[in-house]
Amino acid sequence: MIKRSIRFVCKVLLWFIGLSILSVIIFKWVPVPITPLMITRALENKWSDKEMVCSHDWVPIENISKNLQKAVIASEDGNFLTHHGFDFEAIQKAMKNNEKGKKIKGGSTISQQTAKNVFLWQGRSYLRKGLEAYFTVLIELIWGKERIMEVYLNSIEMGDGVYGAQAASEYWYRKNADDLSKNEAAGIAAILPSPRRFKATNSSSYINKRKSRIVKHMSYVRKLDY
């Protein structure tokens, strides 16, 4: 019985590893059509008898303004271009501040957020964090920085029912993603911690301050040659 159980677990692990690697390889070339978060939001709206809205238009990274790419790096992950998936300095800082009872973001990199958004469910658990680390390593090895940024900017939530750079640009500014100015890109990046709560236009004073900081930090982001 023990040997059977071990063989079963080994088979499950091998299948999981094989399918996960295959899915990462496929999405290196194929646009991600839908994410677990999109499905979750749709179900939440259905259960609440709300309209199920999902605006999502995939565009290649060449059609996404460099301003927006720099803005999310400045806002979410300043070391994105140099780390290998994990920013251990940011994680340590987050842990220390959490111990002091301060509320700050948890130190997740753009790579980690992409792994979570595309392959995993929302929530906090050791299992999900472990799988997030596993998929982060895979996409760093197989995709590379440019593809990670492309998938990230095409899949993250940027408003209520709004996913990806193109849909967000049309929703907030009535323009294409490749036409965003620095201030407009900073406006979208500023709301990413809570995109259903905050607005990129007609923003609160808190978001306006975030925009100003992001625009300032964008000048420190080096050339995006990936």
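The values are calculated or read from the model by the stated rules, or taken from the named source; none is laboratory data. Treat the numbers as computed from the prediction; the structure is a model and nothing was measured. Positions of Cβ are generated from backbone atoms using ideal geometry, with glycine treated the same way; all protein chains shown enter the neighbour counts. Surface areas here come from the heavy atoms of the whole protein model, side chains and all, with no ligands, DNA or RNA. Shrake-Rupley method; radii C 1.70, N 1.55, O 1.52, S 1.80 Å.
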Which of Ile25, Ile39, Ile17 ends up with the largest GNM mean-square fluctuation for the chain, with Cα atoms connected below 10 Å? Ile17
Any chance you could give the angle, 0 to 90 degrees and rounded to 10, that helix 66-76 forms with the longest Cα principal axis of the chain? 70 degrees
Angle check, please: helix 126-142 long axis (alpha carbons) against the longest principal axis of the chain (alpha carbons), in degrees 0 to 90, nearest 10. 80 degrees
Helix 36-47 sits at what angle to the longest principal axis of the chain, using alpha carbons and giving 0 to 90 degrees rounded to 10? 80 degrees
Solvent-accessible area of Glu51 with every protein chain in place, 1.4 Å probe, in Å² to the nearest 10: 150 Å²
At 1.4 Å probe size, with no ligands or nucleic acids counted, give the accessible surface of Ile34 in Å², nearest ten. 90 Å²
Taking a probe of 1.4 Å, how large is the accessible area per residue of segment 1-67, in Å²? 77 Å²
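How charged is the neighbourhood of Thr40? Take every other residue with its Cβ under 13 Å from the Cβ of Thr40, and add Lys/Arg as +1 and Asp/Glu as -1.
Counting the neighbours of Thr40, the net charge comes to +2.
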Take the Cα radius of gyration of the chain and divide it by 2.2 N^0.38 Å, with N its residue count; two decimals is plenty. 1.07
